[in-house]
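First comes the structure, then the notes that go with it.
The values are calculated or read from the model by the stated rules, or taken from the named source; none is laboratory data. These figures come from a predicted structure and were not determined experimentally. Cβ sites come from the backbone with ideal geometry, for glycine too, and all protein chains shown count toward neighbours. Each accessible area value is taken on the protein alone, full model and side chains, heavy atoms only, with ligands, DNA and RNA left out. Shrake-Rupley method; radii C 1.70, N 1.55, O 1.52, S 1.80 Å.
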Amino acid sequence: MRAASTKIIPIRWDDRKKEVVWLDNSQIPWKESYYSTKSIARLCRAIKSLQIRGAPILGEAGAYGIALAACNSPDSRDSILRNARSQGAVISSARPTAVNLSWGVNKIISALQSAHDSGASATEMKSIAVFEAKRLQRDNISATIKIGENGKRLINDGDVLMTVCNAGTLACDGIGTSTAPIRAAWAEGRRFKVLVTYTAPLYQGARLTAWELHKDGIPLSVITDNAAGHLIREEKVTAVWAGADRILSDGTVYNKIGTYALGILMDYHGGKLYVAAPTSTIDPRSRSSEVRIEQRDQEEVRRILGKVEVVPKGVSAMNPAFDRTPPELVSAIITELGVARTPYNKSIKRMLSMAGSMAASP
Ligand code: MRU
C-alpha cells in the first residue's frame, strides 16, 4: 500500500544563498524546473504568472517574501521593519483573492514588529524573519496531514470523486488540502476513482492534479469542464473535493472558477461538495462585497496555453479566475482542526476560537 506522502517540494528557503527557491507550476507536467531569487519583484512576477500558485503556497511565498525583504535590508532595525511593511504591501497585491498571501506576509511582519519592540538587533531580526517563515511552512505541512485525517472518513469504498483545479502538494505543500483526504483514504486501503476536471483556461486539474495523483498510483480520469454535469449524473459522483482561496465567516467559499457550478450540480444530484482548507484560508473580517475576484488577462482564454489562438481576432474574452459558492451548497468544510458544517457562522467561529487558543498556548 502506498503511503499518503509525496516528495514534491514546491517552495523552500535556501539558507546558504538567502533566497527563495520554487518549483515552476506553469511548466508541469512537461518539465520540473526550479527557480530562485533574492528579488521581491521577481517573486511577484512568479506569483502573477502562476509559477507559484495555490492559496497555502501563496502564504508561504508571502512569508518568504518578507524574509527576503528583511535579509535585503541594511543592518538597521528600523529599515528592516520599514522595508518589510512596504514590500509586504507589494507582495500582498500580487494576487487579490487568496487571503493566505497577505496572511503569510502579515505573520512575518508581526514577528518582526515584536522582535523590534523587544530590542532584538538587526541581525537577530533577519534570523527571526527566516525562522518564522520556515515555521509557517512546517505548520502548513502539518495542517495538510491533519486535513487528511479529518477528511478521510468522508470517503468510502466504491466512491466516485471529482476534483477542481489543483489543491494538491504543488498548491498547498505537504499532501495538499483537497487531495489530503483522497490520499489518506487511499493509503488506508479504500478504493475509489477520481474524475479530475481540466480547469480551463490554465488546466491546473489536467496538468497538476493528474500529475500528482498519477504519481501516487490513484486511478483517475481527466475530464473536460463541460463534461462535469453529464458525468456527475452518469458516473454517480459522490463528492466533489475542492480547495479554497478564501472562506468567509458565514461559510461562503471563494475558489477556482467552476467550483460554484459544480456545487449546484452536486446539490441537484444529491451529492456533496466538500471544501478542504487550512484555517489560515478563513477570512473572518471581510464581507462578500469586499472580496475582489481576480480578473486575469483575456489572452489566457483567447489562446490555449499561450499558443494556438482559438478565438477569432478582434473578439474579446472574459477571464474571472475565481467564483463565489454560497454556504448552502457547501456540505462541509474540512480544516486541520476538524469538520465544520452548517450553520457555518457558529461552526467556523468555534474553529477560529480553537485556532486562537492554540496559537496563544506555548
Ligand atoms: O489560480 P490558482 O491556480 O492559484 O488557483 C488555485 C485554486 O483555486 C485552488 O483550488 C485554491 O488555491 C485552493 S488550494 C490551493
Point to revise | Check on residue 135, under 21 Å from the mean Cα position of the chain (by Cα), open to solvent by 30 Å² or more (accessible area, probe 1.4 Å), modelled with pLDDT of 95 or more and not assigned by TED's automatic domain parsing to the domain that holds residue 244 | key: yes
**Study point:** Matching option when the condition is in a loop (DSSP other than H, G, I, E, B) and either among the basic types (Lys, Arg) or open to solvent by 30 Å² or more (accessible area, probe 1.4 Å) (or both), among 95, 153
**Key:** 95
Review point. Which ones in segment 314-328 are of a type in the set (A, V, I, L, M, F, W, C) and crowded, with 16+ Cβ neighbours inside 10 Å?
Key: 321, 322
**Study point:** Residue among 357, 331, 347, 353 that alone is farther than 30 Å from residue 94 by Cα and exposed (fewer than 11 other Cβ atoms within 10 Å of the Cβ)
**Key:** 357
Practice item. Answer yes if at least one residue in segment 99-122 is of a type in the set (Lys, Arg) and either surrounded by fewer than 22 Cβ atoms within 10 Å (Cβ to Cβ) or at pLDDT below 95 (or both), and no otherwise. Key: yes
Exercise for review: Determine whether segment 215-236 contains at least one residue that is within 12 Å of the ligand (Cβ to nearest atom) and either more than 17 Å from residue 178 (Cβ to Cβ) or open to solvent by less than 50 Å² (accessible area, probe 1.4 Å) (or both).
Suggested key: no
Practice item. Could you identify the single residue in 68, 43 that is within 16 Å of the ligand (Cβ to nearest atom), touching a residue at least 24 places away in the same chain (Cβ under 8 Å) and not assigned by TED's automatic domain parsing to the domain that holds residue 285? Key: 43
Review point. Within the set of pairs 6+ apart or on separate chains, which have a first residue in segment 278-295 that is open to solvent by 30 Å² or more (accessible area, probe 1.4 Å), a second that is of a type in the set (Asp, Glu) and within 16 Å of the ligand (Cβ to nearest atom), and C-beta atoms under 8 Å apart?
Key: 293/323
Check your understanding: Of (1) of a type outside the set (Val, Ile, Thr); (2) within 15 Å of residue 243 (Cα to Cα); (3) more than 13 Å from the ligand (Cβ to nearest atom); (4) open to solvent by 10 Å² or more (accessible area, probe 1.4 Å), residue 174 satisfies all except one. Which?
Key -> (3)
